[in-house]
Amino acid sequence: MKPNVKANFNFAFFLRESMRAMRRNAAPSFAALATVTVTLIVVGVFIPIVQATRGAADSVRARVEVEVYAKERATPAADARILAELKALPNVQKVVFESKAQALAAAKKQDPAAYALLSSNPLPDTFHIYPSNANDALPIRQAILGVGNKSDGHAKLDREIATVSNHTDDTQKLLTVTRFVTITAALLAALLTIASVLLIGNTIRLSLFARRREIEVMKLVGATDWFIRWPFVIEGTIVGALGAVGAIVVLGVTKLALLDPLASNWTLIAAPRTISFISLVLVLVLSGVCVSALGSGMSLRRFLRV
Amino acid sequence: MPNQPGPSAPNNAVIEFRGVSLRYDNGHAGLDQATFAIERSDFVFMIGSTGSGKSTVMRLLIKELEPQDGVIRVAGRDLSSIPRKQVPFYRRNIGVVFQDFKLLPNRTVYDNVAYALQVTGHSRREIREKVPDVLRLTGLSTKLHNYPDQLSGGEQQRVSIARAFVNHPPLLLADEPTGNLDPETSIDIMRLLYRINRTGTTVLVATHDHAMVDKMRRRVLELSQGRIVRDEATGLYERDESTREFVSRLRTGDDDRPDGI
């Protein structure tokens with residue numbers, strides 16, 4: 001017996017072995033391929049949908065702001081002081097100052113007819129406060145008004161502040177709804193990921209089960225675990241890659257034929273920023289290959305215990 | 001073949017069982033305090049009814065099972081000292097033949113035999129040299145490209161023997177090699193095993209075919225309920241008899257037609 005301890009990783013041999021296995025076990029291989037394709041199509045559709053939903057929720061939340069109106073007689077010096085004070089508040093991302101004149105111009109643009117009749121400018125100097133997180137809008141409002149102080153406004157942040165916009169109910173609702181949407185989307189994404197991994201893993205296990213006798217024989221003639229495993233891992237990689245390519249073709253055709261014409265006619269659909277097709281392709285190929293190769297290698301472990 | 005008949009010196013033993021016991025989970029005794037030794041280049045039969053422990057001995061020898069008690073040595077090496085990772089390398093020194101052949105169904109005869117060499121990292125050139133050789137020895141030269149399901153039972157068993165022997169292992173185990181075969185084919189298989197034994201390979205054959213064993217007059221280990229109940233290592237037989245003499249003796253009692261080896 002010659003000592004044959006050289007690590008024999010012969011890629012060409014393993015590749016030939018996995019090709020042979022796929023040719024000879026066409027039905028289980030095809031089942032695995034179909035499973036990967038279908039699962040990846042679902043994932044490929046779902047990723048942009050989740051992203052669009054979250055994007056929509058985020059853009060709605062980004063619009064949450066607190067408006068502070070200065071008193072009619074506020075001087076530019078007072079405005080500057082208020083601006084500095086507002087900026088100093090915690091959780092404030094930015095404060096945008098809009099002078100009386102700017103406010104009037106903006107309002108006129110929106111509704112020229114109504115403002116054409118006015119002789120003077122009824123609009124106050126306005127400060128738009130954008131909180132760093134939409135959830136902070138209400139605390140900021142309270143901080144400006146003076147928490148818990150219901151007297152005639154002397155506890156306000158500044159004497160020259162007339163009022164603070166009151167959208168408490170709207171903001172509250174908006175926050176609840178968007179949070180719900182975000183959590184639901186994340187939950188669905190997690191469920192889908194788990195389901196995909198289980199589904200692909202199960203299919204692989206099934207095709208391995210059909211070949212457990214073969215594995216037993218290999219072990220009997222002295223094949224090492226990895227010698228048996230490599231062809232399966234390569235096979236998994238090929239199946240995963242082919243499945244991903246199939247899914248991408250289907251998704252690409254669908255996108256070109258259905259989504260793109262719709263999006264150009266109807267700007268609404270294109271609005272939320274979603275993953276680019278190239279990145280989606282990368283994600284699908286990578287996850288297909290990884291899940292299926294790892295799945296093959298790991299499911300095999302059970303059958304290697306001979 | 002340098003065979004020294006006589007008391008077995010332990011260091012010359014290929015297989016040595018000392019007080020080996022194994023009890024299965026269901027309470028069934030696989031082996032009970034089995035002690036025996038088999039010398040190099042010996043041809044030994046192991047007989048006993050189903051469940052007597054023959055297969056347990058085989059499975060212990062390929063380290064598919066671990067004994068709960070006792071020591072098993074193969075070529076002087078204590079099997080319990082072989083770590084799990086080394087088991088595949090250990091198995092390459094042992095050829096194994098089973099009752100149900102255990103061929104790979106989706107490979108040709110040639111590829112089935114070649115696989116045993118591919119596993120050990122032989123080059124394609126070596127494989128191209130060795131596989132036809134061993135298939136000629138086993139009389140399968142014309143069946144190279146057939147698949148196992150296109151062969152008769154005897155032919156399939158020849159393939160499995162060819163696969164077991166292609167590495168020229170020092171030890172060949174055969175677990176009921178003729179269990180699925182008719183008597184005439186069984187004699188062919190026994191002849192083949194004997195021929196392999198004549199090249200110096202130690203052969204251990206488990207069978208429940210008493211008639212065949214009695215006729216062959218080799219050393220016999222009889223097992224019953226996990227115990228060695230008979231060990232006839234007597235000089236009843238001629239160790240160096242030719243394959244022809246061996247086979248003709250197998251046939252006596254059946255008929256006396258001259259065999260055409």
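The values are calculated or read from the model by the stated rules, or taken from the named source; none is laboratory data. These numbers come from a predicted model, not from an experiment. Glycine also receives a Cβ, built like all others from the backbone with ideal geometry; neighbour counts cover every protein chain displayed.
Side notes on the structure shown:
- Close contacts from region A:78-94, counting a first residue that is farther than 11 Å from residue A:144 by Cα and a second that is buried (at least 17 other Cβ atoms within 10 Å of the Cβ) and of a type in the set (Ser, Thr, Tyr), with Cβ to Cβ under 8 Å and a gap of 6+ residues or different chains, come to A:92/A:130; A:93/A:130; A:94/A:130.
- Residue in region B:196-204 that is touching a helix residue (DSSP H, G or I) at 6+ places or on another chain (Cβ under 9 Å), within 14 Å of chain A (Cβ to nearest Cβ) and not in a strand (DSSP E or B) present: yes
- A count restricted to region B:142-171 and to residues that are surrounded by fewer than 16 Cβ atoms within 10 Å (Cβ to Cβ), in a helix (DSSP H, G or I) and within 13 Å of another protein chain (Cβ to nearest Cβ) stands at 1.
- Of all residue pairs spaced 6 or more apart or on separate chains, those with beta-carbon atoms under 7 Å, a first member in region A:225-243 that is in the same structural domain as residue A:297 (by TED's automatic domain parsing) and a second member that is of a type in the set (Phe, Trp, Tyr) are A:230/A:14; A:231/A:14; A:234/A:14.
- Residues of region A:124-143 classified as under 16 Å from residue A:179 (Cα atoms) and either surrounded by 18 or more Cβ atoms within 10 Å (Cβ to Cβ) or over 29 Å from the mean Cα position of the chain (by Cα) (or both), total: 3
- Residues satisfying the stated conditions in region B:77-93, i.e. within 19 Å of residue B:12 (Cα to Cα) and either more than 14 Å from every other protein chain (Cβ to nearest Cβ) or at pLDDT below 90 (or both): B:78, B:79
- Selection within region B:100-111 - in a helix (DSSP H, G or I) and either of a type in the set (A, V, I, L, M, F, W, C) or more than 9 Å from chain A (Cβ to nearest Cβ) (or both): B:109, B:110
- Region A:180-202: number of residues that are more than 19 Å from residue A:293 (Cβ to Cβ) and among the hydroxyl-bearing types (Ser, Thr, Tyr): 2
- Cβ separations smaller than 9 Å between residues 6+ apart or across chains give the following pairs from region B:129-149 residues that are on the phi > 0 side of the Ramachandran plot to residues that are part of a helix (DSSP H, G or I): B:139/B:155; B:139/B:158; B:139/B:188; B:139/B:192.
- Residue A:36 being at pLDDT 85 or above, closer than 30 Å to residue A:184 by Cα and not small (Gly, Ala, Ser): yes
- Test for residue B:174: is it assigned to a strand (DSSP E or B), buried (at least 22 other Cβ atoms within 10 Å of the Cβ) and within 14 Å of chain A (Cβ to nearest Cβ): yes
- Among the residues of region A:95-135, those that are of a type in the set (Lys, Arg) and free of Cβ contacts under 8 Å to residues at least 12 places away in the same chain comprise A:108, A:109.
- Yes/no for residue B:121 being within 14 Å of chain A (Cβ to nearest Cβ) and part of a loop (DSSP other than H, G, I, E, B): yes
- Residues within region A:1-23 that are facing chain B (nearest Cβ under 8 Å), modelled with pLDDT of 55 or more and in a loop (DSSP other than H, G, I, E, B), tallied: 2
- Taking the conditions (1) more than 14 Å from chain B (Cβ to nearest Cβ); (2) exposed (fewer than 15 other Cβ atoms within 10 Å of the Cβ); (3) without any contact (Cβ under 8 Å) to a residue 24 or more places away in the chain in turn, residue A:72 satisfies each one other than (3).
- Failed item in (1) touching a helix residue (DSSP H, G or I) at 6+ places or on another chain (Cβ under 7 Å); (2) more than 14 Å from every other protein chain (Cβ to nearest Cβ), with residue B:57 passing the rest: (1)
- Which numbered condition residue A:182 misses (of (1) within 14 Å of another protein chain (Cβ to nearest Cβ); (2) polar (S, T, N, Q); (3) in contact (Cβ under 8 Å) with a residue 12 or more places away in the chain): (1)
- Candidates B:224, B:242, B:186 - the one that is at pLDDT 85 or above and surrounded by fewer than 16 Cβ atoms within 10 Å (Cβ to Cβ): B:224
- Total residues in region B:27-43, condition outside any strand (DSSP E or B) and touching a residue at least 40 places away in the same chain (Cβ under 8 Å): 3
- Restricting attention to region A:7-46 and to residues that are aromatic (Phe, Trp, Tyr) and under 17 Å from residue A:296 (Cα atoms), the residue that is surrounded by the most Cβ atoms within 10 Å (Cβ to Cβ) turns out to be A:14.
- For region A:189-238, residues that are outside any helix (DSSP H, G or I), buried (at least 16 other Cβ atoms within 10 Å of the Cβ) and more than 8 Å from chain B (Cβ to nearest Cβ) total 1.
- Filter pass, residue A:95 being in a loop (DSSP other than H, G, I, E, B) and surrounded by 19 or more Cβ atoms within 10 Å (Cβ to Cβ): no
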